[in-house]
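K.L.:
Encoded as structure tokens, here's the structure I'll be asking about.
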Amino acid sequence: MTGIVDGRVAVVTGAGRGIGRAHALAFATGGAAVVVNDIGVGLDGSGRDATSAKGPAQQVVDEIVAAGGRAVANTDDVADWAGARSLIDCAVDTFGRLDVLVNNAGFLRDRMLFTMGEAEWDAVIRVHLKGHFAPLRHAAEHWRAEAKAGRTPDARVINTSSGAGLLGSIGQGNYAAAKAGIAALTVNAAAELSRYGVTVNAIAPAARTRMTEATFADDMAAPATGFDAMAPENVAPLVVWLGSAESAGVTGRVFEVDGGRVSVAQGWRHGPVRDKGARWDPAELGPVVRELLAEAPAPEPVYGA
């Protein structure tokens, strides 16, 4: 197995199924050694996988090894501080280095805001937002130490945001908030880590997975012939490219990707402005705000609205 990431070492979280599995297989096909991380829980983060004597991470590792690649399974909880450190150590201890971190793990507990409980909020924020931060933090510490030792990395982080995080999604306030946080964390980390040879980007993917069965209910069946636009394998090529040496200089960006489509999300930007040069009186601001809104582009609609 050789390709665009030949010789690199990649960690992929949530890699037992769906998009994460497609990432892990694509990195292996491209020549990378892969740490396949998956704790093996249900769609809502509860329970354990009971479909096989082997967990989902080991099943993916077996696929990679059978095809001639290199991989190791890891079942650490990425949102646990010690677990995230153990995951990064797993890559370095097993393969001698770490070049790519793909943060992908997550689950859903959807509810409207007026019925969402504290536990549903905390669980989703934890697995998505802390589950990105904790591995990123320990990987960043490793790469910073390498740079200070004179071995400047050519390292990559690819985070997983969502259209829900970029535009909002009805019934997914916890998920949208977490994914928006991931997009902001991506931009911030890119600025902080560039001096150490690390680029940080994010994707906002759409594909057929356990998490999207309800969202894409009308699109779940793959066509009998032709291109399957909802296949999770469509997302992986961009992630592998972002994990390669070829993507040097691309950092702090969020890419939307689905089917054969790739786009760069624009994000928050400074818009029209009025500066009085003094404090505004509330009664003055009605016409000012209306002028600003008239000059600004209309916002994209929230998903499901």
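K.L.:
Any idea which of (1) more than 18 Å from the chain's Cα centre (by Cα); (2) surrounded by fewer than 22 Cβ atoms within 10 Å (Cβ to Cβ); (3) under 23 Å from Arg156 (Cα atoms); (4) at pLDDT 95 or above is the one Ala32 doesn't satisfy?
P.N.:
So the condition that Ala32 fails would be (2).
K.L.:
Would you be able to tell me the number of residues in the range 255-283 that are farther than 29 Å from Gly163 by Cα and either modelled with pLDDT under 95 or in contact with a strand residue (DSSP E or B) (Cβ under 9 Å, 6 or more places away or on another chain) (or both)?
P.N.:
Result for the range 255-283: 0.
K.L.:
Let me ask something else. Test of understanding: among Asp62, Asp38, Asp6, Asp76, which residue is of a type outside the set (Val, Ile, Thr), touching a Leu at 6+ places or on another chain (Cβ under 6 Å) and modelled with pLDDT of 95 or more?
P.N.:
Asp76
K.L.:
With the structure loaded, tell me whether Ala164 is in a helix (DSSP H, G or I), free of Cβ contacts under 8 Å to residues at least 24 places away in the same chain and either aromatic (Phe, Trp, Tyr) or under 20 Å from Pro299 (Cβ atoms) (or both) or whether it fails that test.
P.N.:
No.
K.L.:
Name, by its number, the condition in (1) modelled with pLDDT of 95 or more; (2) within 14 Å of the chain's Cα centre (by Cα); (3) hydrophobic (A, V, I, L, M, F, W, C) that does not hold for Ile170.
P.N.:
Of the numbered conditions (1) modelled with pLDDT of 95 or more; (2) within 14 Å of the chain's Cα centre (by Cα); (3) hydrophobic (A, V, I, L, M, F, W, C), the odd one out for Ile170 is (2).
K.L.:
Same structure, new question: Of the numbered conditions (1) modelled with pLDDT under 95; (2) on the phi > 0 side of the Ramachandran plot, Leu108 satisfies every one except a single condition; which is it?
P.N.:
Unmet for Leu108, out of (1) modelled with pLDDT under 95; (2) on the phi > 0 side of the Ramachandran plot: (2).
K.L.:
Now a separate question. Within the range 83-92, identify whether any single residue is among the basic types (Lys, Arg) and under 20 Å from the mean Cα position of the chain (by Cα), and answer yes or no.
P.N.:
The answer is yes, given that some residue of the range 83-92 is among the basic types (Lys, Arg) and under 20 Å from the mean Cα position of the chain (by Cα).
K.L.:
Quick one: in the range 97-113, which of the residues that are assigned to a loop (DSSP other than H, G, I, E, B) and within 16 Å of the chain's Cα centre (by Cα) is surrounded by the most Cβ atoms within 10 Å (Cβ to Cβ)?
P.N.:
Checked the range 97-113; the qualifying residue surrounded by the most Cβ atoms within 10 Å (Cβ to Cβ) is Asn103.
K.L.:
Given the criteria closer than 30 Å to Ile170 by Cα and either modelled with pLDDT of 95 or more or assigned to a loop (DSSP other than H, G, I, E, B) (or both), does Gly286 qualify?
P.N.:
Spelling it out, Gly286 is indeed closer than 30 Å to Ile170 by Cα and either modelled with pLDDT of 95 or more or assigned to a loop (DSSP other than H, G, I, E, B) (or both).
K.L.:
Pull up the range 120-135, narrow it to residues that are under 13 Å from Asn104 (Cβ atoms) and touching a residue at least 60 places away in the same chain (Cβ under 8 Å), then point me to the one that is surrounded by the fewest Cβ atoms within 10 Å (Cβ to Cβ). Working first, answer last.
P.N.:
Start the filter on the range 120-135 by keeping residues that are under 13 Å from Asn104 (Cβ atoms), which leaves 127-128, 131-132, 135.
Imposing the further condition that a residue be touching a residue at least 60 places away in the same chain (Cβ under 8 Å) reduces the set to 127, 131, 135.
Numbers: Val127: 24, Gly131: 28, Pro135: 26.
Among those residues, the one meeting the criterion is Val127.
K.L.:
If we keep just the residues of the range 223-259 that are part of a strand (DSSP E or B) and among the hydrophobic types (A, V, I, L, M, F, W, C), which is nearest to Gly181 (Cα to Cα)?
P.N.:
Start the filter on the range 223-259 by keeping residues that are part of a strand (DSSP E or B), which leaves 254-258.
Cutting the leftovers down to among the hydrophobic types (A, V, I, L, M, F, W, C) gives us 254-255, 257.
On the way: Val254: 12, Phe255: 15, Val257: 19 Å.
In this case the residue turns out to be Val254.
The values are calculated or read from the model by the stated rules, or taken from the named source; none is laboratory data. Just so it is clear, the structure is predicted and the values come from calculations on it, not from any experiment. Reconstructed Cβ throughout: ideal geometry from the backbone, glycine too, with neighbour counts over all protein chains shown.
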